[in-house]
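K.L.:
This is the structure I have questions about; it appears just below.
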Amino acid sequence: MKRALRLIGVPLDLGAGRRGVDMGPSALRIAGIADDLRRLGFDVHDVGNVAVPQREEAAVGDPALRFLEPIAQVCRALHDRTLEACLDGAVPVVLGGDHSLAMGSVPAAAEAARRAGGRVGVIWLDAHGDMNTPGTTPSGNVHGMPLACVLGDGHPTLTGIGGPGPAVRPEDVALIGVRAIDRQEAAAIRATGVRTWTMRDIDHDGVAATMTAALAALAHCDRLHVSFDVDFLDPGIAPGVGTRVRGGPNYREAHLVMELLAESGKVRSADVVELNPILDSENTTGELVVELVGSLFGRTIL
């Protein structure tokens, strides 16, 4: 039987400071993500989009937690769809949308692993740490908080999606590619003990050694959730993001990251977030992301 993949669109831009990431799911579909994965032999079912309130009609609320309630609403709905896919034996691939959606997908992946008697490891590919809280955020944008929230640190409305307590433990997370960290956020990362590989580590040791070390750190986990923020990539190859940070992985390094994750045989769910078509050029970033997702799910050169 063909392995089932379930595409779930989340046109969420409430957690971001710049508009446009709500069009990310459409850009990935236009770039042919479903057909590309079918060519790899998967049974792909696109279930459409989770409903997201219009930004113009949503209440901003607390300036340190902008759009808290509508974001939580979206994440709860995504949690249920992601968990349903996992329990049905499908691999959910969440098409974002801003990174705050991970507060729905990661707890669902963790719950599915627990129900199967296993443990999920989270590979967080990002230029940023996403470890801010309402007390440290310089912007109030919730897309800078999701990793902290799934580790149990943040507003209870967000940390409790999927149930009480942290969704994952620090030893179950590998944060890779970071190069733009707020000072207080850096202190939080060190305090939690989350294993982190910055771009300096990748520069020094190389991508292969970095990914080998990250996968070894999560060897106790029997499955992986990959949360891929497109700003992980160098903006020279991926301009279509709202928070560009120079000095990220290049084209072949990015493919190698995904190829090594695929070779682990553990990837059971994934997010693709922060693609902003407004800032792209002829959907080149969307097309690149489709290529990289193909590598994540097993495409090889030979």
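K.L.:
Keeping to segment 2-47, report how many residues are out of contact with any helix residue (DSSP H, G or I) (no Cβ under 9 Å at 6 or more places or on another chain) and at positive phi.
P.N.:
1
K.L.:
Suppose the filter is part of a loop (DSSP other than H, G, I, E, B), at positive phi and either buried (at least 23 other Cβ atoms within 10 Å of the Cβ) or touching a Ser or Thr at 6+ places or on another chain (Cβ under 8 Å) (or both); does residue 177 pass it?
P.N.:
Working: part of a loop (DSSP other than H, G, I, E, B): no; at positive phi: yes; either buried (at least 23 other Cβ atoms within 10 Å of the Cβ) or touching a Ser or Thr at 6+ places or on another chain (Cβ under 8 Å) (or both): yes.
Taking the combined requirement at face value, the residue does not satisfy it.
K.L.:
Please specify each residue of segment 12-39 satisfying the condition of being among the aliphatic types (A, V, I, L, M) and either surrounded by fewer than 17 Cβ atoms within 10 Å (Cβ to Cβ) or in a helix (DSSP H, G or I) (or both).
P.N.:
21, 23, 27, 28, 30, 33, 34, 37
K.L.:
Can you tell me which residue in segment 41-58 is nearest to residue 293 (Cα to Cα), limited to those that are of a type in the set (A, V, I, L, M) and under 22 Å from the mean Cα position of the chain (by Cα)? Walk me through how you get there before you give the answer.
P.N.:
Residues of segment 41-58 of a type in the set (A, V, I, L, M): 44, 47, 50-52, 58.
Filter again for under 22 Å from the mean Cα position of the chain (by Cα), leaving 44, 47, 50-52.
Values: 44: 13, 47: 18, 50: 21, 51: 24, 52: 24 Å.
Per the criteria, the residue is 44.
K.L.:
Anything in segment 252-297 that is in contact (Cβ under 8 Å) with a residue 24 or more places away in the chain and of a type in the set (Lys, Arg)? List them, or say none. Explain how you work it out, then say what you get.
P.N.:
First, the residues of segment 252-297 that are in contact (Cβ under 8 Å) with a residue 24 or more places away in the chain: 253-262, 264, 266-281, 283-297.
Result: 266, 268.
K.L.:
Looking at segment 87-102, which of its residues are closer than 23 Å to residue 152 by Cα and of a type in the set (A, V, I, L, M, F, W, C)?
P.N.:
If the condition is that a residue be closer than 23 Å to residue 152 by Cα and of a type in the set (A, V, I, L, M, F, W, C), then 94, 101, 102 are the ones that fit.
K.L.:
Let me ask another. Quick one: would you say residue 78 is crowded, with 22+ Cβ neighbours inside 10 Å, over 25 Å from residue 119 (Cβ atoms) and either in contact (Cβ under 8 Å) with a residue 24 or more places away in the chain or not polar (S, T, N, Q) (or both)?
P.N.:
On the way: crowded, with 22+ Cβ neighbours inside 10 Å: yes; over 25 Å from residue 119 (Cβ atoms): no; either in contact (Cβ under 8 Å) with a residue 24 or more places away in the chain or not polar (S, T, N, Q) (or both): yes.
It is false that residue 78 is crowded, with 22+ Cβ neighbours inside 10 Å, over 25 Å from residue 119 (Cβ atoms) and either in contact (Cβ under 8 Å) with a residue 24 or more places away in the chain or not polar (S, T, N, Q) (or both).
K.L.:
Then there's this: As an exercise: evaluate residue 51 against (1) without any contact (Cβ under 8 Å) to a residue 40 or more places away in the chain; (2) within 22 Å of residue 285 (Cβ to Cβ) and give the number of the one condition it does not meet.
P.N.:
The single condition residue 51 does not satisfy is (2).
K.L.:
For segment 255-266, state whether one or more residues are of a type in the set (Ser, Thr, Tyr) and either touching a Cys at 6+ places or on another chain (Cβ under 7 Å) or over 19 Å from residue 120 (Cα atoms) (or both). Quick ask: steps written out before the conclusion?
P.N.:
As a first pass, look at segment 255-266 and keep what is of a type in the set (Ser, Thr, Tyr): 264.
Those left that are additionally either touching a Cys at 6+ places or on another chain (Cβ under 7 Å) or over 19 Å from residue 120 (Cα atoms) (or both): none.
No: zero hits.
K.L.:
Given the structure, is residue 262 in contact with a Gly (Cβ under 8 Å, 6 or more places away or on another chain) and either under 20 Å from residue 27 (Cβ atoms) or modelled with pLDDT of 95 or more (or both)?
P.N.:
On the way: in contact with a Gly (Cβ under 8 Å, 6 or more places away or on another chain): yes; either under 20 Å from residue 27 (Cβ atoms) or modelled with pLDDT of 95 or more (or both): yes.
Considered against the rule, which asks whether it is in contact with a Gly (Cβ under 8 Å, 6 or more places away or on another chain) and either under 20 Å from residue 27 (Cβ atoms) or modelled with pLDDT of 95 or more (or both), residue 262 comes out as yes.
The values are calculated or read from the model by the stated rules, or taken from the named source; none is laboratory data. In this text the structure is predicted, and so the values were computed from the model without any measurement. Here the Cβ is made from the backbone with ideal geometry for all residues, glycine too, and neighbour counts use every protein chain on show.
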